[in-house]
1. Can you list the lysines whose alpha carbon is less than 19 Å from that of Lys113, not counting same-chain residues fewer than 8 positions off?
2. Go ahead and run the numbers for FRET between His245 and Asp378, Cβ-Cβ distance against an R0 of 22 Å, rounding to 0.05.
3. Mind sorting Lys331, Lys110 by how few other Cβ atoms lie within 10 Å of their own Cβ, fewest first?
4. Out of every Cα pair in the chain, what percent are spaced more than 47 Å from each other?
5. Going by Cα centres, segment 291-333 and segment 507-554 are how many Å apart?
6. Expressed as a whole percent, how much of the Cα-Cα distance distribution for segment 150-217 exceeds 18 Å?
7. Of all beta bridges DSSP finds with both residues in segment 20-159, what is the antiparallel percent, to the nearest 5?
8. Give the average over all directions of the projected area of the C-alpha convex hull of segment 238-417, one decimal, in nm².
Amino acid sequence: GVHHAGMLPRYRRLVERLAQAGLLKVICGTDTLGVGINVPIRTVVLTALSKYDGTQTRLLSAREFHQIGGRAGRAGFDTMGTVIALAPDHVIENAKAEAKAAARSAADKKVRKLVKRKPPPGMVSWGQPTFDRLVAAPPEPLTSSLRVTHAMVLNVLDRPGDGRAELERLLTDNYETERANEAHRARAEALEHALRDAEVIEDLDEPDEWGRTVRVTIDLQETFALNQPLAPFALAALDLLDPEHPDHALDVVSVVEAVLDDPRPVLAAQRSKAKGEAIAAMKAEGLEYEERMERLEEITHPRPLADVLEPAFEMYRERHPWVSEHPLSPKSVVRDLWERAMDVGDLVRHYELARSEGAVLRYLTDAYKTLDRTIPEDRKGEDLIDLIEWLGELVRQVDSSLLDEWEALRSPPPDGAQPDVPTTVDDRPPPVTANRRAFTVLVRNALFQRVELAATRRWGELEDLDGDDGWDRQRWFDALTPYLDEHGSIAIDGDARSPAMLQIAEHPDRWAVRQVLADPAGDHDWGIEATVDLRASDAEGTAVVTIDRVGPLA
């Protein structure tokens, strides 16, 4: 088995359960294997007593050594355990050479001079004294990781009683130094001002019925949270958007994406693809090399609403200087996923991100959580709710464990009840058709993806989309040529994508769907008719669509 922090939770959990069942003889892992799991391990083999901590290579601390070494022979499983540390490679090679030289000398009675290998330049070496010191050394004292966040301030101020006094107690009576607590209290005060300026909280002249002197001013869902450092800015920036604009839901997504941490592999892939497409277009135009290179410097990943959000953020930063340590970063990952009508697998293939699937899913999970918990319910229109449900289902179908534990924390069992503990290694996601709202969006996206490809005459991609058993490019071309002769083009704007353009007839085992094509004259007299296989969709984790007919509507 393999186990490390960069893996998706479903894979790590599978390794843990297989080990608990005694089905794995060896697990290769990092020191994350020593935290928070109950796995019986008899022997721990450390390949090195040094590690790279993200900044430099250094010797293990006593705490790190005891954390992973302590897994050997856990109480309740074994009466004893064994910890082995391998010597550095150059020490092993020297020992082999010495043994070989000694054997030869014993055979021919000649003393041979041995040139020992030296450690590689810059290597942090170790030996038996290092091992003995780590065994004998007590673990270093823990250092506090206390961070004052918007969510902490909001939750403490909104609890019954004097929230300010409780926050003061929390940031005074702890294991931090007084100097650190002074910084924490100053930050808490700054965050409280930010929440007040964003009109999330207000002061009360008299305590309310719960004894609170601060009140949350807007109608927030029970799970509301400001988990991102720039979440108050995102909340305030919603007022910059036009609720009547057809792309309002996507604009809300862009505001939220701008305050999330960058998924660097995705953004790098987007830039690379955009530059590749730009070079091809510029070559077709006959531009000289120097001019092409100059224009390439201006190309980056998609940054929707940057011209609106960045000036607004500068004004916000003047009033809240503490946000300077958290730069705004407009980007389009969720929006790109939606606009291209892709699922996670499509995104990974489109941008060649197979080695970064974990980073992609973690970003999509963060985006889903932030959209779900930061946007107040009264600011969520039907289109945005559809999008949030769709995004959550995309993540669940790839790795439901990314959201299962979070959902369990949101809805804990009743007092005294024990949470369900899985007893098998079955990590299959829930049936995709169980979430009707999200599945309907998946069907809409699947049909509209075909509309977009047809509108741009990408017949080959339509053939690839439907696979060997679907329509080939010639059949698509023949079916749509009469439409194009009559209407000229297929619209792919927001109105063309609206739910009203998709008609669904539900049956127990299938859906019969009709995607109406938006023509320039607004006749809406052509469409794509298809069947959605519900059982196959549950098996595949996405909408399985079979095209039946393309033509005039009866």
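Throughout, read-outs are computed from the coordinates displayed, never taken from laboratory work. Please read all numbers here as calculations on a predicted model, not as lab measurements. Backbone-built Cβ (ideal geometry, glycine too); neighbour counts: all protein chains shown.
1. Lys113 reaches Lys96, Lys100.
2. Working from the Cβ atoms, E equals 0.80.
3. Least to most surrounded, the residues fall as Lys110, Lys331.
4. 30 percent
5. If we compute the Cα centre of each part, the gap is 40 Å.
6. So the pairs more than 18 Å apart make up 36 percent of the total in segment 150-217.
7. Around 40 percent antiparallel, to the nearest 5.
8. Mean orientational projected area (segment 238-417, Cα hull): 14.3 nm².
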